[in-house]
1. Heavy atoms only, probe 1.4 angstrom, no DNA, RNA or ligands counted: give me Arg129, Arg47 ranked by accessible area, highest first.
2. Taking every alpha carbon pair in the range 33-174, what does the distance histogram look like in 10 angstrom bins from 0, in percent?
3. Taking the dipole about the Cα centre of the range 1-125, with the C-beta of Lys and Arg at +1 and of Asp and Glu at -1, give me whichever of Ala52, Leu77, Ala96 is farthest to the positive side.
4. Based on the mean of other Cβ atoms within 10 Å per residue, sort peptides 27-35, 89-97 so the most packed one is first.
5. Where does the charge balance sit around Val10 when Lys and Arg score +1, Asp and Glu -1, over other residues with C-beta under 11 Å from its C-beta?
6. Given points 7 Å out from each Cα along the Cα-Cβ axis, report the Asp94 to Gln132 separation in nanometres with one decimal.
7. What is the range 39-99 by shape, rounded, prolate or oblate, if you read a ≥ b ≥ c off the alpha carbon gyration tensor as root eigenvalues and call it rounded for a/c under 1.5, prolate for a/b larger than b/c, and oblate otherwise?
8. At a probe radius of 1.4 Å, what is the per-residue accessible area of Ser136, in Å² to the nearest 10?
Amino acid sequence: RAYRVPPAWVLVLDVSPSMQATDVAPDRTTQARYAIGDLLSAAQDARVALIAFAGEAYTVAPLTDDVATVRLLLDPLSPSLMPEQGEQLAPALDEAGRLLTASAHGRGQIVVLTDGFSDPAQAMLSAARLRQHGSSVNVVGIGTEQTRLDVPGLTRVAAAGNGRFVTLAGLPQLIGRLQAAHEEAPDAVQSSPQLRLPQGRNDGIWLLPSLLLLAALVARRGWL
């Protein structure tokens, strides 16, 4: 018996220090969180994951259909919470690939929300690898070009990943493309106990590493 695999969206949030800029009110981080909120609202039957990155990449939530809990985990994320400063996008893209590979999906849509990155060569290679495995890397630029929004660099990464670059104003169009991509994809597969059982087992434990991550980050900030 065949069934349709739900779409997989991996949301990648930049929480580097530059995201504290206030060229978009109240600041870039808040606007990025608002944008992720819109993506979560549009996810419908999609499974979503959340990654935060600065100097390192952290999986906040592996793929899940529990959108409400992902929202709760999103709220505390900010540059002040990250233990390592920096703007390393490639490790975050690699982590997105690992999440997709470990799931029943194998491929999906990655959406990066950022104002720029410091590893362009590595980021383009990571995006190209994701493209080769059937995933797409989309980029939402947060900020304005007058205050260091790297539109050319972000556009190149999206192109390398067979995705699209948009600013915040173009987010509704990107969401429409993400939804349409699933409708067009031939994702029907034969159901079997071997395929479905691992996914069901993982649904109950995905939150634990996320909570441990947030607790660890808070503890390193001296808030516990």
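The values are calculated or read from the model by the stated rules, or taken from the named source; none is laboratory data. Bear in mind that the values here come from a model prediction, so they are computed numbers and not experimental data. Methodologically, a virtual Cβ is constructed for each residue, glycine included, from the backbone with ideal geometry; neighbour enumeration extends over all protein chains shown. These area figures cover heavy atoms from the full protein model, side chains too; ligands, DNA and RNA do not enter into them. Shrake-Rupley method; radii C 1.70, N 1.55, O 1.52, S 1.80 Å.
1. Arg129, Arg47
2. 12, 44, 39, 5, 0
3. Highest projection toward the positive end goes to Ala96.
4. For the peptides 27-35, 89-97, the packing ranking is 89-97, 27-35.
5. +2
6. The modelled label-to-label distance comes out at 1.4 nm.
7. oblate
8. Roughly 20 Å² of Ser136 is accessible to a 1.4 Å probe.
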